[in-house]
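A quick write-up on the structure given underneath.
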Amino acid sequence: MINANELLKRYGAGELSFCGENLTGVNLTRADLIGIDLQESDLHSAVFVLAYLNRAKLTKANLMATRLGGINLSQANLVRANLRDADLHGAILQGADLRSADLTLANLLDANLIDADLRNTNLSGANLTGACLRGANLREENRKYSANLRGATLRKADLRGANLTGADLARVDLRGANLSEATLRGADLSGADLTEATLKGTTLTEANLARAVLRGTNLMNAKLERADLTEADLASVNLQGATLADAKLIRVHLAKANLTRARLNRADLSRANLWGASLRDAHLIETYLARANFTNADLTNANLVRAEMSSANLTGAILTGATLPDGRIQP
């Protein structure tokens, strides 16, 4: 085991390799250790607050319960590192490689994870409130490299353009998060809370959003083909120009939602609540609308060719210029 002074002295003399060293509890607050090699080292409970470890090699290192607040780990290699319960509040991890790392219960409040590689990373129970994950890679590959975010907190997180293909986000707190232009193809968002989140232009093709809460969410131009939104709460959402072809929207709550110019061809909206929703110029070709509630909805110029709506509730609905199931245009 070496102490902080010895490590700093050897590093200052040009030595970079400290692989496998025991540095348990060492205090290296504000230390400049750019490019240091600490692979497989034991750094349990160490203190690196405001330190510089840019491009550091920390593969398989034990960083459990370490204090890393404000640390700079940009472009660092943290593959398979143990960061369970670590404090990374405000840490800079831009471009860092965190594949297969364990960040269970880690505190990543306001952390910078722009362009970070988080494939197969365990983030279950982690606090990512306000974190920036723009362009981060959390995609699933061959069903074994998928980030685990179950129980994580991503409230107001910046995930613009992030790749979350196949990611496990079931029951995750994403309230107010920005997921604009992000890729969530095949992701599991069942039971997730996306209240007032921004998903403008987001790809959610084949995603599982069953029972998710999306009240007041912006889904303008989002791609939701074949997505499962069974019993999801989409009250007052903005789905203007969104694509929901072949989507499953059984018993979905869409009261006062904006579905102007939305494409819902062949979607299943059976028992859906569309009270007061705007479906102006929407495409509902061959859509299944059994017992759907369109009370006071605006279907002006909507295309309902071959839609099944014989048992739908159209009380007070506006159908001016709409193309009805039999091809007739409503005057």
**OP:** Answer yes or no as to whether Leu269 is touching an Asp or Glu at 6+ places or on another chain (Cβ under 9 Å) and buried (at least 22 other Cβ atoms within 10 Å of the Cβ).
**Re:** no
Subject >> Leu264 without any contact (Cβ under 8 Å) to a residue 40 or more places away in the chain, within 20 Å of the chain's Cα centre (by Cα) and surrounded by 22 or more Cβ atoms within 10 Å (Cβ to Cβ) >> reply: no
Subject >> Set Thr323, Thr230: member being within 21 Å of Ala192 (Cα to Cα) and β-branched (Val, Ile, Thr) >> reply: Thr230
Original post:
Do we find that Leu113 is in contact with a Cys (Cβ under 8 Å, 6 or more places away or on another chain), over 16 Å from Thr59 (Cβ atoms) and either of a type in the set (Asp, Glu) or crowded, with 23+ Cβ neighbours inside 10 Å (or both) in this structure?
Top reply: yes
Subject >> Residue count, the range 51-102 (criterion: part of a loop (DSSP other than H, G, I, E, B), without any contact (Cβ under 8 Å) to a residue 40 or more places away in the chain and among the charged types (D, E, K, R)) >> reply: 5
**OP:** Mind listing whichever residues of the range 267-298 are more than 17 Å from Val252 (Cβ to Cβ) and in a loop (DSSP other than H, G, I, E, B)?
**Re:** Arg280, Asp281, Ile285, Glu286, Asn296
Original post:
Among the residues of the range 175-196, is there at least one that is of a type outside the set (Val, Ile, Thr), part of a loop (DSSP other than H, G, I, E, B) and under 24 Å from Gly276 (Cα atoms)?
Top reply: yes
**OP:** Find all pairs meeting these conditions: Cβ atoms under 8 angstrom apart; at least six residues apart or on different chains; first residue within the range 176-205 and over 17 Å from Ala136 (Cα atoms) and surrounded by 23 or more Cβ atoms within 10 Å (Cβ to Cβ); second residue modelled with pLDDT of 95 or more and β-branched (Val, Ile, Thr).
**Re:** Ala192/Val213; Leu194/Val213; Leu194/Thr217; Ala197/Thr217
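The values are calculated or read from the model by the stated rules, or taken from the named source; none is laboratory data. These figures come from a predicted structure and were not determined experimentally. Cβ: placed from backbone, ideal geometry, glycine included. Neighbour counts: every protein chain shown.
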